[in-house]
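A short worksheet on the structure shown next.
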Amino acid sequence: MAASTQFNAGTVRSPFRLQSVSKKSPKPTRISCSAATPAKRYSITLLPGDGIGPEVISIAKNVLKVAGSLEGIEFLFQEMPMGGAALDLTGVPLPDETLSTAKSSDAVLLGAIGGYKWDKNEKHLKPETGLLKLREGLKVFANLRPATVLQQLVDSSTLKKEVAEGVDLMVVRELTGGIYFGKPRGFSTNENGVEIAYNTEVYAAYEIDRIARVAFETARKRHGKLCSVDKANVLEASMFWRKRVTEIATEYPDVELSHMYVDNAAMQLVRNPKQFDTIVTNNIFGDILSDEASMITGSIGMLPSASLGESGPGLFEPIHGSAPDIAGQDKANPLATVLSAAMLLKYGLGEENAAKRIENAVLDALNRGFRTGDIYSPGNKLVGCKEMGEEVLKSVSSQVPSAVLN
């Protein structure tokens, strides 16, 4: 672990260890301002990336600083290049130094990567290849993507109010296996000389078992319902997936398990999303369904994510892209990145109080009517990325320090 971490008993690396570790952690001394000696220090690697990434990361960094100071936490930040920015600077999308710095830190916060500029690059020189290598290097296999329709934004959903209101679900996506990584893969010609391309959907038992346990533990901390999504009526890999998830379910008799084919799940997400609590699925299905779920909330610009492994730092990022068409125009919504910082605190470091401060600040800014363009509705205050960040920062700053509370 990074040498800068002076107090780390509460640090956790996966959501299913959060509760037990937190209970055993000694209660830290609380201080009221960052100027005093902090009780804890954490090293955070910042990967601003491309497009709107640097804009939203800058805001999240400032919010983390203030929320941390109220809980006696100091963050040591180190910015590193990744994605298209790294390609322009070093010729590769994930420099060795960036990966090394990320692996030695306590958590990694990513902005966004990619853009039109690099779209025609060869595969190994695409920004997205850097992201896949980062996930592989950090050994993060569990991707948690919450989709919650906030009462303040229910009118922003494209679904009818009665359908969207009250939606609160979590997609647990397997992140390092399946068709994105399976071999053989490539381009070739068939026996008739016709050009073809092929990919392989493959899962080992241990890959399914470990993501299933994360999902069951996550469901246990929510409302005790888990829906496993597959295509077991057609795909052998999905038949195996269903078999393994069903076997792991015997370890969690308190969690209600159901199964659903992916095409039906896609339909049910827009027909009756409130039926879902926690969803677990493979890499490609999770990629698609979590983006679909995001739009139920009204904007992809509102949703954070956490990618966790069995050990080492977690990777936290908004699920939106780099949005090169609005980059540098102060139009981005920074709230997904700010909420990703809250997930970093909660799931990556075990700092639930500091995470709650950020979540409450986001709600307060929304309650006061501030909206970026993607979530704007008449009667509210249209603001840019920077001003939205300032309003969230004001909300965090106005909260009472823990030293005063204690």
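The values are calculated or read from the model by the stated rules, or taken from the named source; none is laboratory data. Just so it is clear, the model here is predicted, and its values are computed rather than measured. All Cβ positions, even for glycine, are placed from backbone atoms using ideal geometry, and neighbour counts span all protein chains on display.
For segment 377-393, the tally of residues that are free of Cβ contacts under 8 Å to residues at least 60 places away in the same chain and part of a loop (DSSP other than H, G, I, E, B) stands at 5. If a residue has to be more than 23 Å from Gln399 (Cα to Cα) and either assigned to a helix (DSSP H, G or I) or among the hydroxyl-bearing types (Ser, Thr, Tyr) (or both) to count, how many in segment 322-347 make the cut? So the count comes out to 1.
Entry remark, segment 118-137: residues being crowded, with 20+ Cβ neighbours inside 10 Å and in a loop (DSSP other than H, G, I, E, B) number 1 in total. The condition of being part of a helix (DSSP H, G or I) and farther than 30 Å from Gln268 by Cβ holds for only one of Ala293, Ala354, that being Ala354. Of the strands (runs of 3 or more DSSP E) that lie entirely inside segment 138-236, those containing 1 or more residues that are surrounded by 22 or more Cβ atoms within 10 Å (Cβ to Cβ), modelled with pLDDT of 95 or more and in contact with a helix residue (DSSP H, G or I) (Cβ under 9 Å, 6 or more places away or on another chain) span 142-148, 168-174, 225-230. Taking segment 99-112, which residues are in contact with a strand residue (DSSP E or B) (Cβ under 7 Å, 6 or more places away or on another chain) and either of a type in the set (S, T, N, Q) or more than 27 Å from Glu74 (Cα to Cα) (or both)? Listed by number, the residues that qualify are Thr101, Ser105.
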